Every structure is written in structure tokens, then in C-alpha cells.
Amino acid sequence: MHNTITLENLVQPFIVNSHSDFVTIYEEGLRLTEMQDNSWRRPRFFHMVQMLRLTRGLAGMTAEAGVYRGLASYLICRTRQQEAGGGFNGTGHFALDSFAGLPEPTRKDGYLRCAGRFSDTSEEIARRTLEHFPGVEILKGWIPEVLSELPDQTYRFVHVDVDLYDPTIACLEYFFSRLLPGGIIIVDDYGPWPTGEWPGCRAAVHEFSYRHSMPFATLDTGNVVIVKR
């Protein structure tokens, strides 16, 4: 008889035992969004929060592209609130989403049948999740068009979770040019994922990296991390 070693076996005990501050805000976020925990979601967002913490002290804004029900933006805002000793109301965080699910994929996405996926949300659900952070600016619209509604500013941290090639490459080009030195972009859906592959996201990361001679690091939870030097 032997025990199967999984990502959940390896990572979650470490989080629970050593990072109760993360566990607290993560489980708050699950309750607010009515989302379920699973073996990859918890460590994925744990990594995201740690990358955000690396940018502490930089003066730029934070943003998320691909909000869904608001869990990641909630974690970003709660972490910023902890940094500020409680005095953070969401001002300086921007959340972008169509709130209509995924758009039609293109050839670079491998013609996935995913249009409309993740549509079980709304702007109202995201605002309810973020109700304790009234300063958050939620921008509803498709990427890249909605990017033009952002004010001209710099960023310390950006979370990109848009799955497909077109919105991923648009976000990388837009936010990286406005990222402060030392700032971080973390991209979900590079893979591999237990729920399937997102080849368009992976292609966008590789194209962006080649175009800008910008290295990236992959994490065991399917995220990619890009640090501006």
C-alpha cells in the first residue's frame, strides 16, 4: 500500500500550518463568491498573493483582468488592506471583465469550444464580493476595448486570468508598458491544468516573451510570473 502524492498533499498543509492569514482571507473570499475550494485553486491564489507581496512599497496601482466572481480581486484588496494596517478601501485597484463569459476563441486557441464559459457571474456579483472596498473601479467590457477606459497610470501588480490568446496578449502589451520596475504580472492558464489546456494563453506568453526578450517563470499551479527589470 502506498500514498499518492498530489499538489494538495504537498501544498495545502504548508499553507494551513504556516500562513493562517492567507487561509482566513481566502476562505472569506470563497464564502462571498459562493465558489468551491479545490486542490489547485487554493495554492494558485496562494502563489498570487505572495507575488503581490513582493511588490509592496511600489507606488503603482493594482489590476485584474478576468474578474469572474471577484475572488482574486478580493484577495488583492484584502492583502493591500493588511499592508496598510486596515486603511485601504479599494482605491487604486481596477477590475476588468465582460461578465458575459469567454468570447469566441480563435485559431491560436486551438478552436476550443468555450465561448460563454464562466458566464455564471455578473457585475453585481463582483460588486457584492468587493462591497467592503467601495473604491475599487470595476470596468465592464471586452478586452482589448475596455483597456482604453483605464486612466493613464502605472502599476505594481497585475493579475491576468482571461484564458484565450487575444485578451491575454492585449493585457500583456498594455500592462507591461505601464508596469513599474520591480512590478509583477502573473498570468493564469499557462498550464498545465487539471481541467484542460489553454493553448492560446500559452502562445500569447511565448510571443510576448520573445518580442520583448522578457523571461518568465512558470509555477506548479499553472501560473506564469513576469517581473519587470
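Quick notes on this structure:
- Under a 5 Å amide H cut-off, with hydrogens placed 1.01 Å from N, residue 139 pairs with 95, 96, 97 among residues at least 5 apart or on other chains.
- Near residue 61, the amide H atoms lying under 5 Å from its own belong to 154, 155, 156; only residues 5 or more places off or on other chains count, and H is placed 1.01 Å from N.
- For residue 182, distant residues with modelled amide H under 5 Å away: 228, 229
- Beta bridges by DSSP in the chain, antiparallel share as percent, to the nearest 5: 25
- Multiplying the residue separation of residue 106 and residue 24 by 0.36 nm and subtracting their alpha-carbon distance yields 25.6 nm.
- Of the options [x] 13.1; [y] 16.6; [z] 14.2, only one is mean projected area of the Cα convex hull in nm² as computed from these coordinates, and that is [x].
- Inter-centroid distance (Cα atoms) of the stretch 144-204 relative to the stretch 80-106, Å: 13
- Vicinal HN-Hα couplings computed from phi for the stretch 144-156 (Karplus, 6.51 cos²θ - 1.76 cosθ + 1.60; Hz; Gly/Pro x): x, 4, 5, 4, 5, 7, 6, x, 6, 7, 10, 10, 9
- Most mobile of 23, 205, 136 in a GNM of the chain (Cα contacts under 10 Å): 23
- Restricting the GluC sites (Glu not before Pro) of the stretch 26-74 to loop positions (DSSP other than H, G, I, E, B) with no more than 16 neighbouring Cβ atoms within 10 Å leaves 34.
- Sparsely packed loop sites in the stretch 45-108 (the trypsin sites (Lys or Arg not before Pro) outside DSSP H, G, I, E and B with at most 14 other Cβ atoms within 10 Å) comprise 56.
- Rounded to whole numbers, the Karplus 3J(HN,Hα) couplings from phi for the stretch 36-44 are 9, 6, 7, 5, 10, 5, 4, x, 4 Hz, using 6.51 cos²θ - 1.76 cosθ + 1.60 with θ = phi - 60°, and x at Gly and Pro.
Every number here is computed from the coordinates shown, using simple stated rules; none is lab data. None of these values were measured; they are calculated from a predicted model. Positions of Cβ are backbone-derived with ideal geometry, glycine not excepted, and every protein chain shown enters the neighbour counts.
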